[in-house]
Amino acid sequence: MQEALEQLKSSAVCLIEKASGIDEIENLRVKYLGKKGELTTVLKELGKMPADVRPVMGQLANTIKNQLTELMDGKKSEIETKKLEDEIINQSLDITLPGKAPSPGRIHPITQILGEIRDIFTGLGFEVVDGPEVETEYNNFEALNIPADHPSREMWDSFYFRKGLLLRSHTSPVQVRVMKDRKPPIKIIVPGKTYRRDTVDATHHWMFHQVEGLLVDEKVTFADLKGVLLKFARQMFGETRKISFKPSYFPFTEPSAEMSIDCFVCNGEGCRVCKQSGWIEILGSGMVHPNVLRSAGYDPEKYTGFAFGMGPDRIAMLKYGINDIRLFSDNDLRFLEQF
Ligand code: DAH
């Protein structure tokens, strides 16, 4: 057996030395050391040998295996170096050219809008707060003055988990969480993802974003709401913006109002973006409903507050002239690279 091993070794060494391509080396690796390779086949005979020579032969075979592996690896890198040298000599590879810099990527348009909104409100002294996307039915509805059998629940229909849990259909439940956790004054915004069982089309998606705002303290009035939101509108959409409120309905505010700005594209003249009306609806708002204050354990005779909610997806669409909400989540670089 020893002779067979030595012979195998010398023929392998000879072939490795003659090899001139990486493929050749890899073929030799299979031929000798592979599962059905020659060395492996010899080793299988080992079992039939007398017990006293078995360890010696085993050791010899292992040494040969290591030697061959080392030789093959050495030869392989020799061939690679030679190839590189040839390329350099033939000028097909110019190592003096600068390398390709990796592209740093971009900030998603929605994230950019969220950043702008955040900067404006933190500039006004608001704190940014997070809430969970999986919410209790109680926080998403009841605590916001939307009882189980109330028809307005349909406006916020969502995806349900086991009983009592759902994907939040707005960021408003974070109002309740924060009020329960803290004492006034409360001055927060809550950016985040929200979910609804909407049929997907150019302006609807089952996932979108919202930024909630809440300010609760003693003696807060509608005038405070107007002042803060005017400031926001002008910083976000231009210093000459006008705002207008029209009565609306939200179960968690009373009174409730939709706020519009005069169109920042045509300055109120009427165009495609504002659908010729001169105005663009930007957010919902109102004075926090006494029942909401009560469900957080606050005395509505002592504390009042205002709240608002806006959709950054819609704002981004208006601001950048994007006509399909699905583009935000399609992950198409041709779209994303424009921002
Ligand atoms: N949660 C509302 C929605 O999803 C938006 C909203 C309206 C939030 C008025 C508010 C508010 O805090 O006061 O449609």
- Query: Can we say Arg182 is out of contact with any helix residue (DSSP H, G or I) (no Cβ under 6 Å at 6 or more places or on another chain) and open to solvent by 40 Å² or more (accessible area, probe 1.4 Å)?
  - Reply: yes
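To keep it simple, each residue is scored yes or no on (1) part of a helix (DSSP H, G or I); (2) polar (S, T, N, Q).
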{"residue": "Glu6", "(1), (2)": "yes, no"}
{"residue": "Cys14", "(1), (2)": "yes, no"}
{"residue": "Glu24", "(1), (2)": "yes, no"}
{"residue": "Val30", "(1), (2)": "yes, no"}
{"residue": "Lys35", "(1), (2)": "no, no"}
{"residue": "Lys44", "(1), (2)": "yes, no"}
{"residue": "Asp52", "(1), (2)": "no, no"}
{"residue": "Thr63", "(1), (2)": "yes, yes"}
- Could you please let me know if His205 is surrounded by 14 or more Cβ atoms within 10 Å (Cβ to Cβ), within 13 Å of the ligand (Cβ to nearest atom), over 13 Å from Phe308 (Cα atoms) and touching a residue at least 40 places away in the same chain (Cβ under 8 Å)? no
- Item | Filter result (in contact (Cβ under 8 Å) with a residue 12 or more places away in the chain, over 19 Å from Phe252 (Cα atoms) and either in contact with a Lys or Arg (Cβ under 9 Å, 6 or more places away or on another chain) or open to solvent by less than 20 Å² (accessible area, probe 1.4 Å) (or both)) within the stretch 210-234 | Leu230, Phe232, Ala233
- Query: So which strands (runs of 3 or more DSSP E) stay within the stretch 173-256 end to end and still have 1 or more residues that are basic (Lys, Arg)?
  - Reply: 186-195, 243-248
- Kindly indicate the residue of the stretch 318-333 that is part of a helix (DSSP H, G or I) and in contact (Cβ under 8 Å) with a residue 24 or more places away in the chain and also farthest from Val273 (Cα to Cα) among those meeting that condition. Ser329
- Query: Can you spot a residue in the stretch 145-156 that is open to solvent by less than 10 Å² (accessible area, probe 1.4 Å), within 12 Å of the ligand (Cβ to nearest atom) and either in contact with a helix residue (DSSP H, G or I) (Cβ under 6 Å, 6 or more places away or on another chain) or aliphatic (A, V, I, L, M) (or both)?
  - Reply: yes
- Filter the stretch 278-294 for residues that are aromatic (Phe, Trp, Tyr) and within 13 Å of the ligand (Cβ to nearest atom) and give the result. none
- Residues located in the stretch 1-19, provided they are exposed (fewer than 12 other Cβ atoms within 10 Å of the Cβ) and touching a helix residue (DSSP H, G or I) at 6+ places or on another chain (Cβ under 7 Å): Gln2
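The values are calculated or read from the model by the stated rules, or taken from the named source; none is laboratory data. Nothing here was measured: the structure is a model prediction, and the numbers come from that model. A quick note on method: Cβ atoms are made from the backbone with ideal geometry, for glycine too, and the neighbour counts reach across all protein chains shown. Note: accessible area is taken over every heavy atom of the protein model, side chains too, but ligands, DNA and RNA are not part of it. Shrake-Rupley method; radii C 1.70, N 1.55, O 1.52, S 1.80 Å.
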